[in-house]
Amino acid sequence: MKKVRLGLIGMGMIGKLHAETMSKMKDIEFVAASDADAKHQKTATELGTKFYQSYKEMIGKDTLDGVVIAVPNELHLPVGATCAKKGLNILMEKPIAADLESADRLIQAAKENKVILMVGHHRRHNPMIEELRRIVRGGEIGKLVGVTVLWSLYKPKDYFKGPFAWRAQPGGGPIRINLIHEIDNIRYICGDITRLYAEVSHEARKFPVEDTVSISLRIAGGAVANIFLTDTAPGNVGYEANTGENLFFYQSPQNCYYYYGTEGVVTFPGMKKFFYRDPAKAGWQYALCEEGIKIDREDPYTRQIRNFCGVIQGTEKPKIDGVDARKTLEVALAIQKSGETGQAIVFG
Ligand SMILES: NC(=O)c1ccc[n+]([C@@H]2O[C@H](COP(=O)([O-])OP(=O)(O)OC[C@H]3O[C@@H](n4cnc5c(N)ncnc54)[C@H](O)[C@@H]3O)[C@@H](O)[C@H]2O)c1
């Protein structure tokens, strides 16, 4: 089969990872990369791909099958719609867009121009997440009753400085940038979220965006969940610090998720299952059995690009398309709204 020809728009924190990933994949052609900041030319050259400062020039000059877009959230719609008009298939970084109206316009642009719109909720491509989904949905821990999620990682001051100031402004913030991944994981593993209540604080950093969030939510099927997130306290519990998925983050062997069912509990990413072997000896006075869950690890960013190429070639379905990603964004924005109004939000 002909190699899929891909371009990249945005070579910042995550764009650089996509560039490195694509440059290592023998079964695709990483044709070109672009970034408004010329300093990224060096990385492009090192990775053996062409560089453009203007993405419009890149998509005008090069023949591409698709683009990976990793620009600030507010630019997802304008950059995405321009690429769609050019007939290019899109892997858009998450969130799909900065707000729901922009998400709808982007979905519409993809539809009108008959291009694929896939969204970079890359965790869905992690074999550990796929296995957790299989265990929960397959009833291996009985009926799911609850989930706890902890994300506590400290963002350094530089994270918000200079060209990165967007991260501290409306449209950025840890709900859209980080928490949205947790929402998407819960949706992917368990099902849709039906109701939530959130306490949202920006007391520590005093930015226009939040720094600390606590959420209670209900999942279709009746399970409940809680999520605590802060980016302002020294912490080592959080998906990025615990899964080894992206070694930019200092790694610590902790569990950031617990999935509780009527017949057992699974820890993540420890991937251990706890349960009572003998139903006659089930109770808090008895010891639990512990079983490791075997996983073949594989890089989710590589799998994500492979899935994007498979969708372009018509051999695969996207793990997450624009419509699905919009639902994840809707929940993330509802968390913000609940924090502002002090009201619970119910989804229809
Ligand atoms: N999937 C993940 O794990 C993950 C992780 C981090 C960020 N993200 C998402 O990726 C996106 C980028 O985040 P980031 O932290 O890498 O941001 P960043 O600020 O580090 O990088 C953004 C890059 O886009 C470039 N850019 C801005 N306007 C441009 C334009 N018009 N044309 C070309 N390049 C342009 C900037 O120069 C910068 O290099 C955001 O949507 C964010 O939510 C996803």
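The values are calculated or read from the model by the stated rules, or taken from the named source; none is laboratory data. Please read all numbers here as calculations on a predicted model, not as lab measurements. Here the Cβ positions follow ideal geometry from the backbone for every residue, glycine too, while neighbour counts run over all protein chains shown.
I'm trying to understand the selection: among the residues of region 304-324, which are without any contact (Cβ under 8 Å) to a residue 40 or more places away in the chain and either touching a Cys at 6+ places or on another chain (Cβ under 7 Å) or not in a helix (DSSP H, G or I) (or both)? I'd like the intermediate steps shown before the answer.
Taking region 304-324 first, the residues without any contact (Cβ under 8 Å) to a residue 40 or more places away in the chain are 310, 314-317.
G314, T315, E316, K317 - these are the residues of region 304-324 that are without any contact (Cβ under 8 Å) to a residue 40 or more places away in the chain and either touching a Cys at 6+ places or on another chain (Cβ under 7 Å) or not in a helix (DSSP H, G or I) (or both).
So which residues in region 111-124 are touching a helix residue (DSSP H, G or I) at 6+ places or on another chain (Cβ under 6 Å) and crowded, with 22+ Cβ neighbours inside 10 Å, if there are any at all?
L117, M118, V119, H121, H122, R123, R124
For region 324-342, enumerate the residues that are loosely packed, with under 15 Cβ neighbours inside 10 Å and touching a helix residue (DSSP H, G or I) at 6+ places or on another chain (Cβ under 8 Å).
none
Of the residues L77, L100, L106, only one is over 24 Å from E245 (Cβ atoms) and touching a Ser or Thr at 6+ places or on another chain (Cβ under 9 Å); which?
Values: L100 fails: touching a Ser or Thr at 6+ places or on another chain (Cβ under 9 Å); L106 fails: touching a Ser or Thr at 6+ places or on another chain (Cβ under 9 Å).
On inspection, the qualifying residue turns out to be L77.
Looking only at region 15-50, how many residues end up being at pLDDT below 95 and within 12 Å of the ligand (Cβ to nearest atom)?
0
Can you go through A103, A98, A109 and tell me which one is of a type in the set (A, V, I, L, M, F, W, C), farther than 22 Å from I189 by Cα and either within 11 Å of the ligand (Cβ to nearest atom) or not assigned by TED's automatic domain parsing to the domain that holds G12 (or both)?
Only one candidate qualifies: A98.
Considering only strands (runs of 3 or more DSSP E) fully contained in region 195-298, which possess at least 3 residues that are surrounded by 15 or more Cβ atoms within 10 Å (Cβ to Cβ)?
Once the strands (runs of 3 or more DSSP E) in region 195-298 are filtered for at least 3 residues that are surrounded by 15 or more Cβ atoms within 10 Å (Cβ to Cβ), what remains is 212-219, 224-230, 257-261, 264-268, 272-275.
Only residues that are within 11 Å of the ligand (Cβ to nearest atom) and of a type outside the set (A, V, I, L, M): list them for region 52-79, please.
Listed by number, the residues that qualify are Y52, Q53, S54, Y55, K56, E57, P72, N73, E74, H76, P78.
Looking at G87, is it of a type outside the set (A, V, I, L, M, F, W, C), within 23 Å of N113 (Cα to Cα), in the same structural domain as T315 (by TED's automatic domain parsing) and within 11 Å of the ligand (Cβ to nearest atom)?
On the way: of a type outside the set (A, V, I, L, M, F, W, C): yes; within 23 Å of N113 (Cα to Cα): yes; in the same structural domain as T315 (by TED's automatic domain parsing): yes; within 11 Å of the ligand (Cβ to nearest atom): no.
So G87 does not fit the description; no.
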